[in-house]
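For reference, the structure discussed in these notes is given below.
The values are calculated or read from the model by the stated rules, or taken from the named source; none is laboratory data. This structure is a prediction, so every number in the text was calculated from the model and none was measured. Methodologically, a virtual Cβ is constructed for each residue, glycine included, from the backbone with ideal geometry; neighbour enumeration extends over all protein chains shown. These accessible areas exclude ligands, DNA and RNA; they are computed on the full protein's heavy atoms, side chains included. Shrake-Rupley method; radii C 1.70, N 1.55, O 1.52, S 1.80 Å.
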Amino acid sequence: LRELGDVLLLDIVEGLPQGEALDINHQLAEQGIDCIARGSNNYEDMKGSNFVVVVAGVGRKPGMTRMDLLKTNADIVKGVCDKIKNYAPDSKIIVVTNPLDPLTYLVLKSLGGNRKQIIGMGGMLDLSRFKEHISTVTGISRDSVQAMVISEHGENMLPLVRFSSLSGIPLTEFVTAEQSEDLATKTKSIAAQVISLKGATVYAPGNAVSTMVESIVKNKKAILPVSALLEGEYGYNDVCIGVPCVLGDEGMEKIIELRLNENEKQVFDLGVQSVKNAIKSFSL
Ligand SMILES: NC(=O)c1ccc[n+]([C@@H]2O[C@H](COP(=O)([O-])OP(=O)(O)OC[C@H]3O[C@@H](n4cnc5c(N)ncnc54)[C@H](O)[C@@H]3O)[C@@H](O)[C@H]2O)c1
């Protein structure tokens, strides 16, 4: 839809990606968009891809946390890494499969790539949800909302009211402390509600990935929440977690370090700990 390039949909289920591709092409044709969608069950068709978006894996069922998917999805994603190594070793990679931060780390380590090239999408989706709540609570246009969500894409997500604004005016001028708490709680819990209502989240994650790809393809250098490998930033090393990053044509070009207060740092530290515990279970 954003005319960023052709798309190959690759799945192990025969017919499914081909059917999706037909449906998508019919929409694009009517809209006059000349990007082509193709479906395939053959990884070899990945050859020459500039980007690989890793979504293979199972999703949460109602009542599950993202971390409950760790063992199953780590095995699937390791298999996908072997294919990327063979067919698209120089591509930029965006990991989406949950649990997002540990699996981003797994892909990075399995491929031995650098952190500019391999990143994860989790915070962008959390941000979409946070923005929606901010607009609803304040009654101000979604278009005026600037916000940030960092830390783990999971139980220790950190929506940052202190670093959010409505057209540059601090959000704290519009909401009470109680409303701030509520905004953070709702942002954390809303995915489970979508899953219990319709089984999976679809449109908002697709849009979130596109925003990341667009910033890289167009070298926009947008600051977006991204799961990235920390190398000393925020006082940590060798862990992938959501932080504000500049995305440009080199990929993840820079991590922005925010001055977190004690409460924020406490949640961020719990997020890092949770991801580190998960990472320990991988045999890399
Ligand atoms: N990071 C995020 O913000 C975010 C958002 C939404 C979903 N997710 C995660 O993304 C993953 C996929 O979610 P979904 O709702 O699209 O699930 P889904 O079940 O609709 O799709 C997953 C697809 O992966 C395919 N698959 C399994 N193994 C494969 C392999 N080895 N190679 C290629 N394809 C393979 C399955 O056949 C299936 O069609 C889940 O882990 C989910 O939790 C993450």
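Please find the FRET efficiency linking Val194 to Thr72, where r is the Cβ-Cβ separation and R0 is fixed at 22 Å, and quote it to the nearest 0.05. Can you show the working numbers first?
Working: r = 21 Å, r/R0 = 0.95.
The value I calculate is 0.60.
Once the piece of chain linking Tyr203 and Glu173 is laid out straight, how much longer is it, given 0.36 nm per residue of separation minus the C-alpha distance between them?
Working: separation 30, 0.36 × 30 = 10.80 nm, distance 3.14 nm.
That pair, Tyr203 and Glu173, stretches by 7.7 nm at full extension.
Could you give the angle, 0 to 90 degrees to the nearest 10, between helix 100-111's Cα long axis and the longest principal axis of the Cα atoms of the chain?
Relative to the chain, helix 100-111 is tipped by roughly 40 degrees.
Search the structure for amide H atoms under 5 Å from the amide H of Ile150, placed 1.01 Å from N in the peptide plane, and list their residues when 5 or more places away or on another chain.
Leu158, Leu160
Could you tell me which of rounded, prolate or oblate describes segment 97-198, using a ≥ b ≥ c as the square roots of the eigenvalues of the alpha-carbon gyration tensor, with rounded for a/c under 1.5 and, failing that, prolate when a/b is larger than b/c and oblate otherwise?
It is prolate, given that a/c is not under 1.5 and a/b is the larger ratio.
Restricting to DSSP H runs of at least four residues, report the calculated mean residue ellipticity at 222 nm for the chain, -39500 (n - 2.57) per run over all residues, nearest 500 deg cm²/dmol.
That comes out to -14000 deg cm²/dmol.
Mind running the shape call on segment 148-274? Use the C-alpha gyration tensor, a ≥ b ≥ c as the square roots of the eigenvalues: rounded below 1.5 for a/c, prolate if a/b tops b/c, oblate otherwise.
rounded
I'd like the orientation of helix 262-280 relative to the chain: the angle between its Cα long axis and the longest Cα principal axis, in ° from 0 to 90, rounded to 10.
Its long axis makes an angle of about 30 degrees.
Where does each of Leu70, Leu166 land when they are ordered by accessible area, with a 1.4 Å probe and the largest first?
Largest accessible area first, the list is Leu70, Leu166.
Under a crude label model (7 Å from the Cα following the beta-carbon direction), how far is Glu214 from Asp34 in nanometres?
Simple spin-label model gives 2.1 nm for this pair.
A 21 angstrom limit on the alpha carbon distance is what I want to check against. Which of Lys92/Lys221; Lys116/Lys221; Lys61/Lys198; Lys92/Lys280; Lys254/Lys280; Lys61/Lys92 exceed it? Before the final figure, lay out the partial values.
Values: Lys92/Lys221 16 Å; Lys116/Lys221 13 Å; Lys61/Lys198 11 Å; Lys92/Lys280 25 Å; Lys254/Lys280 26 Å; Lys61/Lys92 30 Å.
Lys92/Lys280; Lys254/Lys280; Lys61/Lys92, as the Cα separations exceed 21 Å there.
Across segment 53-62, in residue order, what do the Karplus-derived ³J(HN,Hα) couplings come to in whole Hz, using 6.51 cos²θ - 1.76 cosθ + 1.60 with θ = phi - 60° and x for Gly and Pro?
After applying 6.51 cos²θ - 1.76 cosθ + 1.60, I find 9, 8, 10, 5, x, 9, x, 6, 9, x Hz.
For segment 1-158, which semi-axes, largest first and in whole Å, follow from the square roots of 5 times the eigenvalues of its Cα gyration tensor? Provide the component values of the computation, followed by the final result.
Numbers: eigenvalues 149, 108, 49 Å².
Each semi-axis is √(5λ); the values are 27, 23, 16 Å.
Relative to the Cα centre, what is the charge dipole magnitude of segment 118-179, using +1 at the beta carbon of each Lys and Arg, -1 at the beta carbon of each Asp and Glu, and rounding to the nearest 20 debye?
140 debye
Treating only the Cβ of Lys, Arg, Asp and Glu as charged (+1, +1, -1, -1), what charge dipole size does the chain show about its Cα centre? Round to the nearest 20 debye.
360 debye
What residues qualify as long-range amide H neighbours of Ile36, i.e. H under 5 Å apart, gap of 5 or more or another chain, H built at 1.01 Å from N?
Here the answer is Asp6, Val7, since their amide H atoms fall under 5 Å of that of Ile36.
Long-range amide H contacts for Val53: which residues qualify at under 5 Å (H placed 1.01 Å from N, peptide plane, sequence gap of 5 or more or a different chain)?
Excluding prolines and chain starts, which carry no amide H, the hits are Ile94.
Quick one: the Cα spread of the chain along its three principal axes, in angstroms, biggest first?
Rounded to whole Å, the extents work out to 53, 47, 38 Å.
Please give the charge dipole size of segment 1-156, origin at the Cα centre, charges +1 on K and R Cβ atoms and -1 on D and E Cβ atoms. Round to the nearest 20 debye.
Details: 17 positive and 20 negative charges, 124 e Å.
For this selection, approximately 600 debye.
Under a Cβ-Cβ cut-off of 12 Å, what is the net charge of the residues other than Val275 that fall near it, where Lys and Arg count +1 and Asp and Glu count -1?
Summing Lys/Arg as +1 and Asp/Glu as -1 gives -2.
Taking the chain as the reference, fit the longest principal axis to its C-alpha atoms, fit the long axis of helix 203-217 to the helix C-alpha atoms, and give the angle between the two in degrees, 0 to 90, nearest 10.
Around 80 degrees separate the two axes.
Pulled fully out, how much extra length does the chain show between Leu270 and Ala222, if you take 0.36 nm times their separation in residues and subtract their Cα-Cα distance?
Between Leu270 and Ala222, full extension yields an extra 14.6 nm.
At a probe radius of 1.4 Å, what is the per-residue accessible area of Lys254, in Å² to the nearest 10?
So the heavy atoms of Lys254 present about 120 Å² to solvent.
From the square roots a ≥ b ≥ c of the eigenvalues of the alpha-carbon gyration tensor of segment 1-53, which class results: rounded (a/c under 1.5), prolate (a/b over b/c), or oblate? Kindly include the intermediate steps, with their values, before the conclusion.
Values: a/c = 2.86, a/b = 1.32, b/c = 2.16.
It comes out oblate by the Cα gyration axes.
FRET efficiency for Glu233 and His26, Cβ-Cβ distance as r, R0 = 51 Å, nearest 0.05?
0.70
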